[in-house]
């Protein structure tokens, strides 16, 4: 990917609106970018990968807009924005939006198999800021991207040897390090406090000079609540999840009052990497969905897109994807899931 081209394009951006995905990778990407490009940062605040009408109006009133870790090419808002736009993303793209006023950067344009989280890409964009490598590392482990970001892990080990410890930089090892805990703390902020929690996480990551600065904040309290609730749902999953033995697949509806769809799907897929895990949660406005298959044996993005077609949105990576179904159409999506989980090979 041409980082120099990105730097030149961003050179004249003045206090842009920065829109980032509401997860650890998005949070860390925004915190890193603000080191070189001060601007107001907003998490995408619609269901799934979408932005609300209110945020869209804010975007339209800005001269310059940056999207981080959001597949803008899969959203209708791409046709509604006339400003100068920089998109830094790593999801499988449907099209390249690069044009007169838009630079769309994604390593998958050159290598469809590349898995380089947005926080890693943003870190590479900064140039010579090894002191910030740990922030990128938090986003990378939060997005399961350790395997393809070994150079970043080595830099973190050099700069902050107490953070990683292990010389074998696998996801399993890094997940247990401070980087992994901070990634979980960010997810916990979203679970416990919603978008306000994500905004708080982003502000804390932006200001933090080292990992210990994060551990001394409210995020620690959110993490304790989150871990307790996640443990309850994990136990219930073991007892209540629908299992499809023919395809080694699970379908499970959350009972928690907290939004844990992606977190529980991550946890259960880590325990069952060959299984297809589909987690859903019904809300007053519709149904949220998260799917995982760590081994890549099955493309869960394809399954979710099929289930929500005509009634919502869905997409992501083959191993990890999400979706949303509008209210009143939840039953249709669930039946489609059962249909596919009964028949996939």
| query | Highest GNM mean-square fluctuation, the chain, Cα pairs closer than 10 Å: which of 231, 291, 137? | reply | 231
| Residue with peak Gaussian network fluctuation, the chain [Cα springs, cutoff 10 Å], from 267, 108, 129 | 129
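Beta carbons within 10 angstrom, averaged per residue: use that to sort the peptides 185-191, 233-239, highest first.
On the way: 185-191: 27.0, 233-239: 14.6.
Put in order of decreasing packing, that is 185-191, 233-239.
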| query | Using the Kirkwood formula over every pair of different C-alpha atoms, what hydrodynamic radius in Å results for the stretch 22-69? | reply | 11.4
| note | Here the residues of the stretch 261-283 lying in the modelled label zone of residue 327, meaning backbone nitrogen under 11 Å from a point 7 Å along Cα-to-Cβ, are 283
| remark: Checked the stretch 50-100 with the C-alpha gyration tensor, a ≥ b ≥ c its square-rooted eigenvalues, rounded below a/c of 1.5, otherwise prolate if a/b is larger than b/c and oblate if not; verdict prolate
| query | Spin-label point model (7 Å from Cα, Cβ direction): what's the residue 236 to residue 80 distance in nm? | reply | 3.5
| the chain, helix-only ellipticity at 222 nm - DSSP H runs n ≥ 4, -39,500 (n - 2.57), divided by all residues, nearest 500 | -13500 deg cm²/dmol
| field | FRET E, pair residue 162, residue 36, Förster distance 22 Å, beta-carbon r, rounded to 0.05 | value | 0.25
| request: Would you calculate the separation in nanometres between label points at residue 154 and residue 128, each defined as 7 Å from the Cα along the Cα-to-beta-carbon direction? | output: 2.1
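Per residue, what volume in Å³ does the convex hull of the Cα atoms of the stretch 106-168 enclose? Show your work: numbers first, answer last.
On the way: hull volume 5.1 nm³, N = 63.
Per-residue hull volume (Cα only) is 81 Å³.
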| remark: Simple SL model, points at 7 angstrom along Cα→Cβ for residue 52 and residue 212; separation in nm is 3.8
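Determine how many Å³ per residue the convex hull of the Cα atoms of the stretch 58-197 encloses. Each step should come with its number before you reach the end.
Numbers: hull volume 18.8 nm³, N = 140.
Value for the stretch 58-197: 134 Å³ per residue.
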| Segment residue 196-residue 306, extension gain: residue separation times 0.36 nm, minus the distance between their alpha carbons | 36.4 nm
| message | Full-extension gain between residue 94 and residue 63, please, as 0.36 nm times their residue separation minus the C-alpha to C-alpha distance. | response | 8.6 nm
| query | What whole number of Å gives the distance from the Cα centroid of the stretch 266-281 to the Cα centroid of the stretch 127-191? | reply | 22
| note | Taking only C-alpha positions in the stretch 241-343, Rg and Dmax in angstrom work out to 12.1, 33
| Considering the Cα trace of the chain, what is its radius of gyration and what is Dmax, both in angstroms? | 19.2, 56
| Top of 85, 27, 214 by mean-square fluctuation, Gaussian network on the chain, Cα under 10 Å | 214
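Computed from the coordinates by the stated procedures, all read-outs in this text should not be read as laboratory data. Model, not experiment: these values are computed from the prediction. Neighbour counts are summed over all protein chains in view; Cβ atoms, including those assigned to glycine, are modelled from backbone coordinates with ideal geometry.
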